[in-house]
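Written out below as structure tokens is the structure these notes cover.
The values are calculated or read from the model by the stated rules, or taken from the named source; none is laboratory data. Remember, it's a predicted structure, so these values are computed and weren't measured experimentally. In this analysis, Cβ positions are derived from the backbone assuming ideal geometry, glycine residues included, and neighbour counts consider all displayed protein chains. Surface areas here come from the heavy atoms of the whole protein model, side chains and all, with no ligands, DNA or RNA. Shrake-Rupley method; radii C 1.70, N 1.55, O 1.52, S 1.80 Å.
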Amino acid sequence: MTDAKSQSFAPPPVVWRKAELLAILSETPRVKTLWLRVPGWPGHRPGQHVDVRLTAEDGYQAERSYSLASAPERELPGRENVALTIERLGDGEVSPYLTEQVRPGDRIELRGPIGGYFTWAAEDGGPLALVAGGTGVVPLMSMLRHRARLAHPAPAWLLYSSRSFAEIIYREELEGLAEKGDRTHVLHTLTRSAPPGWMGLRGRIDREMLATRIPPAAARPLCFVCGPTQMVETAASALVDLGHDPARVKTERFGPTGA
Amino acid sequence: MSDLISRGFRGKRRPAEPGRVPPGQYETRDFPVLSAGPTPRVSLADWDFRLTGNLDRERRWTWEEFRALPREKITRDIHCVTKWSKLDTEWEGVSVETLLEGVQTSAEYVLAFCDGGYTTNLPLADLADGKAWVVDTYEAEPLPPEHGGPARLLVPHLYFWKSAKWVRGLRLVDEDEPGFWEALGYHHYGDPWREQRYWND
Ligand SMILES: Cc1cc2nc3c(=O)[nH]c(=O)nc-3n(C[C@H](O)[C@H](O)[C@H](O)COP(=O)(O)OP(=O)(O)OC[C@H]3O[C@@H](n4cnc5c(N)ncnc54)[C@H](O)[C@@H]3O)c2cc1C
């Protein structure tokens, strides 16, 4: 963490922008991806997030943070398009609105990009060891998409924990990346239930998985761990136990989302 | 304020006590954990707390010496820049005022430094007058490592990233210099009531 200064940059002003919702994709039964056109969007580094602000008729406002899922290189036409991937929490305030109530054409206020530490871009090199739980995969997906768009030579591993097969976010896109033969390794573990004949891993991400499924400390991978607090805490401290340099283990916790 | 109404949005976490939670924040009962890297490990035998930089002479306390200083119980609301606020959190520790007793300095700013390399900058005035503490106890238990144990700074009137976890000392400096998050685009001061989240707020 000591190298923050050397990474410092003059960030663009973080101002509220009125984004237009272009399209909604269903990722899993509880997860949607929103494609937004953000006028004046300054671009981002994979791993950064935005703040979204909702306003009720009486002026009451709620703000939450959401990671940018898209690569900085925009896939849809238009340089101002970004994607967010949001999980509906049954009793939540903002996520049920963003996954169930909005429709294309709606306008949504957001500002960003925010956060400059939990980021990876081509010039940072590799290898990449990405460790995700649930929606923690979102900022890591931005990194993988960026890497794929650039055909970046650094090998990448994603160790990704989901509750069940149906709850794996980006499953087909990840399969596609892994099959491309560009040294992308995707390892799924399922914590609650697995379909018959499941060949992947079972159970929560633990020291054993981190010791055997991603590159060892000697390979000096850049580790990014993102997900629910307990998972991040366990994985980050196991990585340090396994000899990884704490300065190369970056973490992001999504706050009081349980999961 | 915004002129954009979110169609059909009603909101369900309106504060029970208006005025208690700053703009853009919502109340949570959990205590979420946020940090940029792994939780650092330090043994109490190696722990110390230092005052360095521009002052008449450096000060240093071992863990035992720190624990023997006059202690205070503190109950305050805390506000994290990631939007959650937690009300009436209970801490115990040593007031920074107590640590600064007898210190002669012309410095106006402080850079708090921590295990793991984290830093954060604050005006010295914001640490004086019983506005800030170094705490080692949360809800009557030793502060857990993921929440900054053995000891963290507590500066409840600023966003919680200023309440540096794993704090090991304060460097008194003449010029304000950005700490870890401040160098990455977060606000230099971080007043939640003025919603100073990012550098240009
Ligand atoms: C940097 C960052 C990036 C993030 N990226 C993503 C992302 O890419 N995708 C994503 O889906 N999420 C992401 N999150 C999480 C997101 O910001 C929200 O926390 C999440 O969507 C839940 O918001 P909500 O309003 O739906 O739920 P909230 O209303 O905030 O509630 C969250 C949970 O806490 C409980 N809770 C909170 N307050 C109370 C209360 N007063 N009373 C009772 N229960 C309460 C609820 O039971 C609920 O399950 C990110 C968070 C951060 C900090």
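Worth pointing out:
- Within 10 Å of each Cβ in A:59-70, the average number of Cβ atoms from other chains: 4
- Highest mean packing first, where packing is the average number of other Cβ atoms within 10 Å per residue, the peptides A:197-204, B:29-36 line up as B:29-36, A:197-204.
- Derived from the Cα gyration tensor, the three semi-axes of the equivalent ellipsoid of region A:122-254 are 21, 19, 13 Å, largest first.
- Dimensions of the protein assembly as shown from C-alpha coordinates, computed as largest minus smallest value along each principal axis and given longest first, are 66, 56, 39 Å.
- Per residue, region A:189-239 exposes 49 Å² of solvent-accessible protein surface, assessed with a 1.4 angstrom probe and all protein chains in place.
- Chain B: C-alpha pair distances exceeding 27 Å, %: 30 percent
- Peptide A:108-118, shielding by other chains (average Cβ, 10 Å cutoff): 4
- Taking a sphere under 10 Å around the Cβ of B:Val33 and counting the other residues whose Cβ falls inside, with K and R at +1 and D and E at -1, yields a net charge of -1.
- Think of it as helices only: each DSSP H run of n ≥ 4 in chain B is worth -39500 (n - 2.57), and spread over all residues that comes to -1000 deg cm²/dmol at 222 nm.
- B:Glu108 exposes around 120 Å² of accessible area when a 1.4 Å probe is run over every protein chain in place.
- Charge sum, other residues only, whose C-beta stays under 10 Å from A:Arg220's C-beta, Lys/Arg counted +1 and Asp/Glu -1: 0
- With DNA, RNA and ligands ignored, accessible area of A:Met209 (1.4 Å probe; Å², nearest 10): 10 Å²
- DSSP finds beta bridges in region B:9-89, and of those with both partners inside it, around 80 percent are antiparallel.
- Local charge for B:Pro18 was computed over the other residues whose Cβ lies under 15 Å away, with Lys and Arg +1 and Asp and Glu -1, and equals -1.
- Annotation note: GluC sites (Glu not before Pro) in region A:14-98 located in DSSP loop regions with a Cβ neighbour count of at most 13 within 10 Å are A:Glu57, A:Glu73, A:Glu75.
- The length gained by stretching the chain between A:Asp245 and A:Ser193 to full extension, at 0.36 nm per residue less their Cα-Cα distance, is 15.3 nm.
- Two numbers describe the Cα atoms of region A:16-114: Rg and Dmax, which are 12.7, 38 Å.
- Cross-link check: pairs A:Lys250/B:Lys162; A:Lys18/B:Lys131; A:Lys32/B:Lys165; B:Lys12/B:Lys131 evaluated at a Cα-Cα cut-off of 30 Å; pairs beyond the cut-off: A:Lys18/B:Lys131; A:Lys32/B:Lys165; B:Lys12/B:Lys131.
- With a 1.4 angstrom probe, the accessible area lost at the B-A interface totals about 4500 Å².
- Rolled with a 1.4 Å probe across the full set of protein chains, the surface gives A:Leu89 an accessible area near 50 Å².
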